[in-house]
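See structure below.
The values are calculated or read from the model by the stated rules, or taken from the named source; none is laboratory data. Model, not experiment: these values are computed from the prediction. Note: ideal-geometry Cβ built from the backbone for every residue, glycine included; neighbour counts use all protein chains shown.
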Amino acid sequence: MIKGVPEALRVFFAAHPKLALAFSGGTDSAYLLYAATACGCDVTAYCVKSAFQPSFETEDARRLAEALGARLKVLGLDALADPAVRANPANRCYHCKRHIFSALLAASRADGYDALMDGTNASDDAGDRPGMRALEELDVLSPLRLCGVTKAQVRAYSREAGLFTWDKPAYACLATRVPAGEPITEDVLRRVEGAESALFALGFTDFRARVFHGAARLQFPAAQVEDAARRRGELRGALKPWFDTIFIDTEDRG
């Protein structure tokens with residue numbers, strides 16, 4: 001019995017003994033790297049570093065890979081090189097996934113891997129994730145989804161395995177902070193990352209700093225909304241280098 005790895009995953013890795021992993025440093029892909037390594041899979045994790053990912057995600061990816069003794073390759077990628085991504089249409093995620101995963105496939109194949117997997121789990125709803133269509137078109141494997149492993153189970157198995165990522169909040173890429181139809185630029189992504197780093201430093205968690213007509217619309221979990229409102233002046237000062245105006249959204253993130 002391998003700690004924190006259900007039989008369905010053990011069977012999957014027995015059938016797929018050599019795989020590349022699209023690795024973000026988040027809870028799902030971190031657990032998948034652990035499970036693959038624990039099952040003796042020949043796995044290399046490939047992490048993309050672009051303006052869409054905050055620095056802490058890359059740092060978490062390095063930390064987790066080092067803790068597991070797993071191979072990690074960090075690939076620099078200009079996500080905005082694709083005009084369809086830069087234009088930020090409603091299905092931007094589809095174009096972005098195609099762009100990023102095509103690069104991951106090319107890199108992993110050059111290293112001798114015939115298949116690439118990602119951390120999509122059984123709780124992810126394909127109906128509201130256009131990026132999943134891109135993964136299907138590129139034949140990317142999603143072991144957690146294929147084996148029926150839900151998000152709650154990923155967290156429980158990760159905790160059992162002692163992974164520091166077990167309770168890590170979900171963190172969508174920075175591009176999701178920009179309203180659909182509004183072009184994405186490196187400058188706006190830099191400002192969003194700076195603002196969210198400042199919020200982390202102030203002790204807030206699981207929030208979003210969304211762009212709203214040039215201002216920052218801050219969204220917090222219900223338990224933090226009152227504290228954020230009370231500290232409005234402090235927030236305004238901390239985010240001043242990136243946004244002249246901030247709004248606190250009274251609708252919590254749920």
Please tell me if residue 64 is without any contact (Cβ under 8 Å) to a residue 40 or more places away in the chain and either touching a Phe, Trp or Tyr at 6+ places or on another chain (Cβ under 6 Å) or crowded, with 21+ Cβ neighbours inside 10 Å (or both).
no
Quick check on this structure: which one of 182, 186 is under 28 Å from residue 61 (Cβ atoms) and among the acidic types (Asp, Glu)?
186
Select, from 30, 67, 8, the only residue that is under 24 Å from residue 102 (Cα atoms) and touching a helix residue (DSSP H, G or I) at 6+ places or on another chain (Cβ under 9 Å).
30
Going through the stretch 12-55 one residue at a time, which ones are touching a residue at least 60 places away in the same chain (Cβ under 8 Å), farther than 19 Å from residue 105 by Cβ and either among the β-branched types (Val, Ile, Thr) or surrounded by fewer than 19 Cβ atoms within 10 Å (Cβ to Cβ) (or both)?
27, 38, 55
Residue list for the stretch 181-206, restricted to those being in a loop (DSSP other than H, G, I, E, B) and crowded, with 21+ Cβ neighbours inside 10 Å
184
Do we find that residue 7 is of a type outside the set (Lys, Arg), out of contact with any Cys (no Cβ under 8 Å at 6 or more places or on another chain), under 24 Å from residue 148 (Cα atoms) and surrounded by fewer than 21 Cβ atoms within 10 Å (Cβ to Cβ) in this structure?
yes
Can you name the number of the only condition in (1) closer than 26 Å to residue 194 by Cβ; (2) modelled with pLDDT of 95 or more that residue 32 fails?
(1)
Residues located in the stretch 1-23, provided they are touching a strand residue (DSSP E or B) at 6+ places or on another chain (Cβ under 8 Å) and over 14 Å from residue 142 (Cα atoms)
17, 18
Check off (1) assigned to a loop (DSSP other than H, G, I, E, B); (2) among the charged types (D, E, K, R); (3) touching an Asp or Glu at 6+ places or on another chain (Cβ under 7 Å) for residue 217 and give me the number that stays unchecked.
(1)
If we scan the stretch 11-24, do we find a residue that is under 28 Å from residue 80 (Cβ atoms), at pLDDT below 95 and either among the polar types (S, T, N, Q) or touching a helix residue (DSSP H, G or I) at 6+ places or on another chain (Cβ under 9 Å) (or both)?
yes
Listing of strands (runs of 3 or more DSSP E) fully contained in the stretch 1-120 that carry 3 or more residues being touching a Leu at 6+ places or on another chain (Cβ under 8 Å)
18-22, 42-49
Kindly indicate whether any position in the stretch 221-234 is outside any helix (DSSP H, G or I), loosely packed, with under 13 Cβ neighbours inside 10 Å and either out of contact with any helix residue (DSSP H, G or I) (no Cβ under 8 Å at 6 or more places or on another chain) or in the same structural domain as residue 51 (by TED's automatic domain parsing) (or both).
no
